[in-house]
1. So, in segment 22-53, exactly how many residues are in a helix (DSSP H, G or I) and surrounded by 10 or more Cβ atoms within 10 Å (Cβ to Cβ)?
2. What are the residues in segment 352-379 that are exposed (fewer than 15 other Cβ atoms within 10 Å of the Cβ), assigned to a helix (DSSP H, G or I) and of a type in the set (D, E, K, R), if any?
3. I need a count of the residues in segment 135-148 that are open to solvent by 10 Å² or more (accessible area, probe 1.4 Å) and within 16 Å of the ligand (Cβ to nearest atom).
4. Just to check your reading of the model, which residue among LEU157, LEU124 is over 19 Å from PHE302 (Cβ atoms), more than 10 Å from the ligand (Cβ to nearest atom) and in contact with a strand residue (DSSP E or B) (Cβ under 7 Å, 6 or more places away or on another chain)?
5. If you scan segment 176-194, which residues turn out to be open to solvent by 70 Å² or more (accessible area, probe 1.4 Å), at pLDDT 95 or above and among the hydrophobic types (A, V, I, L, M, F, W, C)?
6. List every residue pair whose Cβ atoms sit under 6 Å apart, with the two residues 6 or more apart in sequence or on different chains, where the first one lies in segment 344-357 and is not assigned by TED's automatic domain parsing to the domain that holds PRO69 and the second, anywhere, is open to solvent by 60 Å² or more (accessible area, probe 1.4 Å) and at pLDDT 95 or above.
7. Outside the structural domain of PHE380 (by TED's automatic domain parsing), open to solvent by 10 Å² or more (accessible area, probe 1.4 Å), of a type in the set (D, E, K, R) and closer than 23 Å to ARG222 by Cα, is that true of ASP173?
8. Give the residue, chosen from VAL168, VAL180, that is outside any loop (DSSP other than H, G, I, E, B), under 23 Å from THR129 (Cα atoms) and outside the structural domain of ARG449 (by TED's automatic domain parsing).
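The values are calculated or read from the model by the stated rules, or taken from the named source; none is laboratory data. This one's a predicted model, so the numbers in the text were calculated from it and none came from an experiment. Glycine gets a Cβ as well: all are built from the backbone with ideal geometry, and neighbour counts include every protein chain shown. Remember, those area values only see protein heavy atoms, side chains included, never the ligands or the DNA or RNA. Shrake-Rupley method; radii C 1.70, N 1.55, O 1.52, S 1.80 Å.
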Amino acid sequence: MSIAGPSQLPMAKDFSSFLSLEGASRKKSPLKGLLRFMKGDMVSLGGGLPHPSNFPFYSLSSDIASMKPVGQNVKNVAVVNEKAASVSSENVFVPHGPQPGKVENLSSALQMHRPKYQDWDVVLSAGNTDGFAKAVSMLCNRGDQILVEEWTYPAALEMMDPLGIRHVPVGMDGEGMSAVALKDLLDNWGSIPEQANEAKPRVVYLIPTGQNPTGATMSVQRRKDIIKVAKEHDLILIEDDPYYYLQFFIGEDKSADNETQSGWMPTLLSLDTDGRVIRLDTFSKTLAPGCRVGYMSMNARFCTIVQSHNEVTIQQPSGFSQGLLAEMLVSNWGQEGYKRYLTEKVRTEYFNRSQHLQACFRKHVNPRFASFIEPTAGMFVWIKIHVDQHPRYGTMPDSALMLELFNKCVENNVLMVPGWQFSCKPKPSNLDLSDLLGCWFDDEATYLRATFSYATFEQMDQAMTRFGESLEAVFSA
Ligand SMILES: Cc1ncc(COP(=O)(O)O)c(C=O)c1O
């Protein structure tokens, strides 16, 4: 499907020179080409699919939160979890057999961030993990380098490592990747011995909202600055944004110029006039990770390549998930209902959770030993441990002090993710990194990542009490 924008917008630039060997050689599956003949009176003996009458599933249905405006009649249905008891619900019903128009309409229901060029398109993925892997295979050959935030999502690095695709860290601040650091790095590329024989990286991977692990969110200005550097240095940006809709303060960035007309931060995609942003969206954080449905928005040429890749890998995300989502988002909620769900439910829930964890931290943790920057989106608090307050600071590596603290936390029954897991530094081969109680690498990884998305409010209080006690025990030893 192609969703052309207003014709006064420019066409995407030609980014063919960015394609990897794999990306450039992807062809459409000839078998799928038969589908276009399937109309009118055509009798097909071609496809290898079983007939729907043989499926043992007669229909699919689910009780979902109702997004009908207050006062409208809502059907009462049996509740499936304790939370649902306090909210009104409605039923999604997916009948047996094909649903012409429904799944196709899912794609247009997903058009929430419009880029500023004409020929952009959307292709479904099995979530952002899948989308990222496809983007990388389209753009990178073995030996290429990708620019990444200096603390980043480990699965992204782990996906690239075995493919021989290397990563180059870019400095961050409280707003995520620094546009100044990115520009400096590229302006001066080749000036240090390690870069001497290396081609300048052309692809950037970044998580602009509620960054994993730091919780940082880019301001509108930062987003514009990143786009500016990308134009100047001719970069492709992979915008991995699973936490986009978990923004707590919608419309409060005074520098926003209403790009999305809804008060959400403008996405990098919506600021893109060239077709250089590959945006990854997923339902994993807003609906349920088990959906395994996401979507990639980007220039139409890239979409075609990813579509061909899908045809020989996942084919498409689960039809069960697509059927339910299409019914829910197209027939039941509509785009308005989905937006209300995101603002009234998702945002409020995560905002309250985030505030609660922070309050517990302030109540139970001595600020001399640890601190954090307040997150404005996402699921994470990135806790900085003040190792310089440790009585043995300077007499042993910071890693050893962090390992001591991590062990004490585990002993006291509070678990957070060790900061080193998000480090971009090369992992030492002589350490067994699966031995979490026995190793800590990267002396700069003096952080723990706490998540407020899962534990109950009571558990968060308990966790911060235990964390505070662990810090006291280790720092007064
Ligand atoms: C930055 C980032 N990208 C991708 C994912 C995974 O997304 P998905 O479940 O859509 O594959 C996560 C979280 O689990 C994440 O933090």
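1. Going residue by residue through segment 22-53, those that are in a helix (DSSP H, G or I) are 22-24, 30-37, 52-53.
Imposing the further condition that a residue be surrounded by 10 or more Cβ atoms within 10 Å (Cβ to Cβ) reduces the set to 22-24, 31-32, 34-35, 37, 52.
Here the count works out to 9.
2. To start, the set of residues in segment 352-379 that are exposed (fewer than 15 other Cβ atoms within 10 Å of the Cβ) comprises 352, 355, 359, 362-363, 366-368, 371, 374.
Checking which are assigned to a helix (DSSP H, G or I) leaves us with 352, 355, 359, 362-363.
Scanning segment 352-379 gives ARG362, LYS363.
3. 1
4. On the way: LEU124 fails: over 19 Å from PHE302 (Cβ atoms).
Going through LEU157, LEU124 in turn, just one is over 19 Å from PHE302 (Cβ atoms), more than 10 Å from the ligand (Cβ to nearest atom) and in contact with a strand residue (DSSP E or B) (Cβ under 7 Å, 6 or more places away or on another chain): LEU157.
5. Within segment 176-194, just VAL180 meets the criteria.
6. Taking only residues 6 or more apart or on different chains, the pairs are HIS356/PHE457.
7. Details: outside the structural domain of PHE380 (by TED's automatic domain parsing): yes; open to solvent by 10 Å² or more (accessible area, probe 1.4 Å): yes; of a type in the set (D, E, K, R): yes; closer than 23 Å to ARG222 by Cα: yes.
Spelling it out, ASP173 is indeed outside the structural domain of PHE380 (by TED's automatic domain parsing), open to solvent by 10 Å² or more (accessible area, probe 1.4 Å), of a type in the set (D, E, K, R) and closer than 23 Å to ARG222 by Cα.
8. Values: VAL180 fails: under 23 Å from THR129 (Cα atoms).
Just a single option satisfies the conditions, and that option is VAL168.
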